[in-house]
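Report on the structure given below.
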Amino acid sequence: MEEPFFMTRKQVAEIIPCSLNSFDQQIRYGKEFTEIVSEKHLGGKILFPRKQVEEYLRSI
């Protein structure tokens, strides 16, 4: 099965790993994260492109 193109905040927090609150407060708005990962708002959800999240993880 192919991986979905987007990830939710919860999925990103799980693979970092950190709590959802830590992700929102410390990582999501951090310069390193925002320079690599773009945030999308679709259907009332905040989503992040999987490839960009993977690139961010390789950079840390």
Rounded to the nearest 20 debye, dipole of the chain from Cβ charges on Lys, Arg, Asp, Glu: 160
Taking loop as defined by DSSP and a crowding limit of 15 other beta carbons within 10 Å, which chymotrypsin sites (Phe, Trp or Tyr not before Pro) in the chain fit? F5, Y29
Taking the alpha-carbon distance from K10 and a cut-off under 18 Å, which lysines remain once sequence neighbours fewer than 8 residues away in the same chain are dropped? K40, K45, K51
The Cα radius of gyration of the chain, divided by 2.2 N^0.38 Å with N its residue count, comes to 1.04
Please give the contour-minus-distance gain from E3 to Q26: 0.36 nm per residue of separation, less the Cα-Cα distance, rounded to one decimal in nm. 5.6 nm
Per DSSP, the loop-located GluC sites (Glu not before Pro) within the stretch 1-53 having at most 13 other beta carbons within 10 Å are E2
Whole-Hz ³J(HN,Hα) from phi, Karplus 6.51 cos²θ - 1.76 cosθ + 1.60, for the stretch 8-20, glycine and proline x: 7, 4, 4, 5, 5, 4, 5, 8, 5, x, 6, 6, 4
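Laboratory data are not the source of any read-out in this text; all were calculated from the coordinates shown. The shown structure was predicted, so the numbers you read here are calculated from the model rather than taken from an experiment. Every residue, glycine as well, gets a Cβ built from its backbone with ideal geometry; the counts of neighbours run over all protein chains shown.
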